[in-house]
Amino acid sequence: MTFQSIQEAMNKGSGTVHLRGWVYRIRTSKKLAFLVLRDSTNIIQCVIEQNTITPQEWDLATTLQIEASVQLTGTIKEDKRAPTGYEIHVNTIELIGESDQYPIQKDQSPEWLLDNRHLWLRSRHMVAIMKVRATVMDAFREYYQKKEYTEFTPPILQPTQCEGGSTLFPVKYYDDEVYLTQTGQLYSEAMIFALEKIFLISPTFRAEKSKTSRHLSEFWMAEMEAAWMNLDELCDDVEQLLTHIVARVLKDHKKELTILGRDTTVLEKIVPPFPRMTYKEALALLKEKEGLDIPFGKDLRTIEENKLSHYFDKPLIITHYPKEIMAFYKPADPKNPSTALCLDVIAPEEYGEIIGGSQRDLDVEQMKQALRHDGEDPKNYSWYFDLRKYGSVPHSGHGMGVERVVAWICKLDNIKDAIPFPRTIKRFTP
Ligand code: 4AD
Ligand code: MG
C-alpha cells in the first residue's frame with residue numbers, strides 16, 4: 001500500500017486515500033467518531049461510522065487517545081464545514097502506537113510548554129515555525145550559492161574570544177581550556193584567502209547572563225565573508241539577502257504564516273531600498289523625535305533600537321558606530337576615526353538587531369591595542385595577524401542571527417520559540 005500525506009490527499013480531493021499520522025483531536029457520539037488526523041503536512045477531519053467498520057475498529061475509535069498513531073483508508077471529499085475544507089470517510093483504521101493520556105492541553109503556561117518541548121514541538125504552532133526556520137536557512141544558502149560563495153564549516157572549539165570575553169563558555173579541553181565559538185569569523189577571514197567568498201551556518205554560543213526575549217545561550221548564526229568587499233557593498237548585500245529570505249518565506253509559507261496569525265502585508269513591504277543612517281544620525285533622530293539624549297560613545301540598547309524601529313517599516317541599516325565600543329576587528333573610518341566601518345541591521349516591529357557586520361581591520365597595531373584594552377593578550381591572536389602579513393586584502397563580512405530573523409518574520413513573542421530546543425541562562429532541558 002502506498003500512503004499519501006494529508007496535503008497530497010487534499011490536493012487529490014476525491015477517491016480513495018491511504019493516510020498515516022497522529023490523532024490531533026477526537027470526539028465520539030453514539031454512532032459516529034470525528035477524528036482529526038495530523039501529519040507533518042496538515043490536519044484533516046476523518047469521520048468513522050460505526051455501521052461501516054468492524055466492531056474491533058469501532059472499539060478502537062472510541063478509545064483512541066490524543067497523539068496515538070494510526071493508519072487508515074478512506075474516501076476523501078471536499079467539505080466546507082471541516083477544519084481544513086476536506087473530510088475523509090473512513091473504511092478501515094488500524095492502531096500503530098497507542099498513546100497515554102497526552103499531557104498537553106489548552107491554555108498551559110509558556111514555561112510548562114517549554115518543560116514539555118519534546119511534545120509541544122508537535123503543535124501546529126511549532127510545526128509552522130520550524131518550517132519557516134528551515135526555509136530561512138535554506139534561503140540564506142540559496143542566496144550565497146547563486147552568488148558563487150562556497151560553504152565553509154568553522155571549528156566550534158576555539159582558543160580565544162572574538163566578541164568580548166564576558167560571554168565565553170569555557171570547555172575543559174584535555175589539560176587546557178578552550179571556548180565554545182562565539183562566531184566563525186576569525187576562521188572565515190583565514191578561509192577567504194583561499195576561497196575569496198564564503199558563507200557558513202553554524203551553532204554559536206554566548207553566555208548571556210541576562211534574561212531577555214532576544215537572547216539565547218546557544219543559537220545559529222549565518223555568516224558570510226568576502227575578499228575585496230567594502231562597507232557600502234556589505235550594506236547592499238544585507239539588503240538583498242533579507243529581501244530574498246522574506247520573499248522565499250512568503251512564496252513557500254502562506255499556510256504557515258496564516259497558522260501563526262502573521263499579517264503578510266507587513267512582510268510584502270520588505271523590498272529595497274532599506275533605510276540607512278549612521279549611528280550619529282540615529283542619535284539625532286532619537287533626540288529630535290523622542291527627546292532621548294544619548295551621548296556619543298554609548299551603545300544603542302534595546303529601548304533605543306525599539307524606538308528607532310517605529311519610524312520604519314523595513315529593516316534599518318545603521319553604520320559607523322563608535323570605534324571605542326566595537327569589537328577589536330572593526331576598523332576606524334579613516335575619514336572619521338572615532339567611528340568604525342561597521343553596520344547593524346535593526347529589524348522592524350521591535351525585533352532588534354538581526355545582523356551585525358563590518359569591514360575588517362587591516363592595521364595589526366590598532367587591533368593589538370584594542371585587544372589589550374579589552375584585557376586580551378595579542379600573542380594568542382598571532383595566527384590571525386598572519387593573515388595581514390601574507391597578501392592582505394580589504395574584506396568584509398556579517399553574521400545574521402537565524403532565530404532573531406525567524407522571530408521577526410513569524411512575529412513571535414519570544415526568541416525561544418524560534419529554535420527547537422532553546423538554551424538560556426535558566427534552561428538547558430529537555
Ligand atoms: O553582532 P554579532 O555579535 O556579530 C558577530 O558575531 C560577527 N562576528 C559576525 C560576523 O561579522 N561574521 O552577532 C551577529 C548576530 C546579531 O546581529 C544577532 O542577530 C545574533 O547574531 N545574536 C544573537 N542571537 C540570539 N541570541 C544571542 N545571544 C545573540 N547574540 C547575537
Ligand atoms: Mg552585534
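Yes or no: the stretch 385-402 includes at least one residue that is out of contact with any Leu (no Cβ under 8 Å at 6 or more places or on another chain), of a type in the set (Asp, Glu) and in the same structural domain as residue 190 (by TED's automatic domain parsing). Looking through the stretch 385-402, at least one residue is out of contact with any Leu (no Cβ under 8 Å at 6 or more places or on another chain), of a type in the set (Asp, Glu) and in the same structural domain as residue 190 (by TED's automatic domain parsing). For the structure I just gave you, tell me whether residue 287 is more than 16 Å from ligand 2 (Cβ to nearest atom), modelled with pLDDT under 95 and closer than 29 Å to residue 322 by Cβ. In short, no.
Note on the stretch 377-409: residues that are part of a helix (DSSP H, G or I), farther than 18 Å from residue 212 by Cβ and not β-branched (Val, Ile, Thr) amount to 12.
Residue by residue, here is whether (1) in contact with a Leu (Cβ under 9 Å, 6 or more places away or on another chain); (2) outside the structural domain of residue 251 (by TED's automatic domain parsing); (3) farther than 24 Å from residue 188 by Cα; (4) crowded, with 19+ Cβ neighbours inside 10 Å holds:
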| residue | (1), (2), (3), (4) |
| --- | --- |
| 269 | no, no, yes, no |
| 272 | no, no, yes, no |
| 303 | yes, no, yes, no |
| 307 | yes, no, yes, no |
| 327 | no, no, no, yes |
| 336 | no, no, yes, no |
| 344 | yes, no, no, yes |
| 358 | yes, no, no, yes |
| 362 | no, no, no, no |
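Based on what the data block shows, is residue 186 in the same structural domain as residue 371 (by TED's automatic domain parsing), modelled with pLDDT of 95 or more and either closer than 17 Å to residue 223 by Cβ or basic (Lys, Arg) (or both)? Lay out the reasoning, then the answer.
Numbers: in the same structural domain as residue 371 (by TED's automatic domain parsing): yes; modelled with pLDDT of 95 or more: yes; either closer than 17 Å to residue 223 by Cβ or basic (Lys, Arg) (or both): yes.
Yes: the conditions hold for residue 186.
When the stretch 141-195 is filtered for residues that are closer than 18 Å to residue 386 by Cα, among the aliphatic types (A, V, I, L, M), more than 16 Å from ligand 2 (Cβ to nearest atom) and surrounded by 12 or more Cβ atoms within 10 Å (Cβ to Cβ), the ones remaining, listed by number, are 190, 191, 192, 195.
The conditions of being surrounded by 18 or more Cβ atoms within 10 Å (Cβ to Cβ), part of a loop (DSSP other than H, G, I, E, B), under 25 Å from the mean Cα position of the chain (by Cα) and more than 9 Å from ligand 1 (Cβ to nearest atom) are not met by residue 311. Counting only helices (runs of 4 or more DSSP H) wholly contained in the stretch 161-259, the ones carrying 1 or more residues that are among the aromatic types (Phe, Trp, Tyr) occupy 185-195.
Per-residue answers, yes or no, for (1) touching a residue at least 60 places away in the same chain (Cβ under 8 Å); (2) more than 16 Å from ligand 2 (Cβ to nearest atom); (3) within 23 Å of residue 233 (Cβ to Cβ):
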| site | (1), (2), (3) |
| --- | --- |
| 321 | no, no, yes |
| 325 | no, no, no |
| 346 | no, no, yes |
| 350 | no, yes, no |
| 354 | yes, no, yes |
| 359 | yes, no, yes |
| 366 | no, yes, yes |
| 382 | no, yes, no |
| 403 | yes, no, no |
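Of everything in the stretch 346-369 that's of a type in the set (A, V, I, L, M) and not in a helix (DSSP H, G or I), which residue is farthest from residue 333 (Cα to Cα)?
That would be 347.
Given the structure, is residue 99 surrounded by fewer than 16 Cβ atoms within 10 Å (Cβ to Cβ), of a type in the set (Gly, Ala, Ser) and at pLDDT 95 or above? Here the answer is yes, as residue 99 does meet what is asked. Scanning the stretch 196-236 for residues that are touching a Lys or Arg at 6+ places or on another chain (Cβ under 9 Å) and under 19 Å from residue 386 (Cβ atoms), which turns out surrounded by the most Cβ atoms within 10 Å (Cβ to Cβ)? Checking each candidate, the answer is 225. Put simply, of 384, 351 the only residue that is within 30 Å of residue 243 (Cα to Cα) and among the aromatic types (Phe, Trp, Tyr) is 351. For the stretch 355-394, the set of residues classified as within 15 Å of ligand 1 (Cβ to nearest atom) and aromatic (Phe, Trp, Tyr) consists of 381, 384, listed by residue number. Checked against the criteria, residue 139 counts as of a type in the set (Gly, Ala, Ser), outside the structural domain of residue 23 (by TED's automatic domain parsing) and in contact (Cβ under 8 Å) with a residue 24 or more places away in the chain.
Scanning the stretch 1-51 for residues that are farther than 30 Å from residue 134 by Cα, hydroxyl-bearing (Ser, Thr, Tyr) and either touching a residue at least 40 places away in the same chain (Cβ under 8 Å) or crowded, with 19+ Cβ neighbours inside 10 Å (or both) yields 14, 16.
The values are calculated or read from the model by the stated rules, or taken from the named source; none is laboratory data. A quick note: this is a predicted structure, and the numbers were derived from the prediction, not measured. As a convention, Cβ positions derive from the backbone with ideal geometry for all residues, glycine included, and neighbour counts pool all protein chains shown.
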